[in-house]
Amino acid sequence: MTEEPCQCSDCQRFYKEHDRLIREFPTFKQQQELNWASIQSFRTLCTKVTDELQTQLSERESNEDNILKEKHISDTDITEALDELESVNAYLYSIEALMEKIFETKISNKIESKFKEISNELAPDPLNMDRLILNRLFHQTPDSPDKKNIN
């Protein structure tokens with residue numbers, strides 16, 4: 001028995017993004033670069049937010065009289081977030097170390113073309129005319145799952 005993919009909105013958004021990334025970055029090298037850039041941008045953002053929160057916390061500690069009126073984020077929330085972000089940054093450094101190993105892998109142009117071929121099978125262009133026609137036909141079929149409960 002095959003398991004159907006989840007239809008919740010979060011999963012649907014994930015599937016859509018997954019397919020888009022395969023379509024837009026269909027080669028091994030492009031996937032390497034995409035993943036490296038993604039990890040680096042995530043690490044940069046987490047580091048910057050961590051720095052800002054640490055600065056905010058230390059400023060509050062030095063200006064305790066003013067913080068009663070200006071608290072938007074509680075000290076407890078900041079401290080908990082800092083702990084979590086430090087863990088995230090540690091994980092990102094670990095992923096970065098693994099990605100460096102992946103970057104050592106080089107493949108031939110013939111294999112890159114196989115990546116492109118497979119990417120078209122995995123994530124066909126949703127605006128491709130053949131796919132649009134097929135989707136339209138499917139949605140007009142009276143025995144399709146979305147048509148059964150109309151009556």
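Remarks
- Remark: pairs (first residue in segment 11-37, closer than 18 Å to Lys114 by Cα; second residue assigned to a helix (DSSP H, G or I) and acidic (Asp, Glu); Cβ separation under 7 Å; 6+ apart in sequence or on different chains) = Thr27/Glu112; Phe28/Glu112; Lys29/Glu112.
- Residues that are surrounded by fewer than 13 Cβ atoms within 10 Å (Cβ to Cβ), assigned to a loop (DSSP other than H, G, I, E, B) and out of contact with any Cys (no Cβ under 8 Å at 6 or more places or on another chain) within segment 1-45 comprise Met1, Thr2, Glu3, Glu4, Cys6, Gln7, Cys8, listed in sequence order.
- Tabulated pairs, segment 102-113, first of a type in the set (A, V, I, L, M) and at pLDDT 95 or above, second outside any loop (DSSP other than H, G, I, E, B) and surrounded by 11 or more Cβ atoms within 10 Å (Cβ to Cβ), C-beta under 9 angstrom, 6+ apart or interchain: Ile111/Phe28
Yes/no matrix, rows are residues, columns are (1) farther than 26 Å from Asn89 by Cα; (2) at pLDDT below 95:
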position: Ser9; (1), (2): yes, yes
position: Gln12; (1), (2): yes, yes
position: His18; (1), (2): no, yes
position: Lys48; (1), (2): no, no
position: Gln56; (1), (2): no, yes
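- Pick from segment 66-83, criterion at pLDDT below 80 and outside any loop (DSSP other than H, G, I, E, B), ranking: surrounded by the most Cβ atoms within 10 Å (Cβ to Cβ): Ile67
- Considered as a group, the residues in segment 119-142 that are over 12 Å from Arg23 (Cβ atoms) and of a type in the set (A, V, I, L, M, F, W, C) include one that is modelled with the lowest pLDDT, and that residue is Phe138.
The values are calculated or read from the model by the stated rules, or taken from the named source; none is laboratory data. Nothing here was measured: the structure is a model prediction, and the numbers come from that model. Ideal geometry is used to build each Cβ from the backbone, glycine not excepted, and the neighbour counts take in all protein chains shown.
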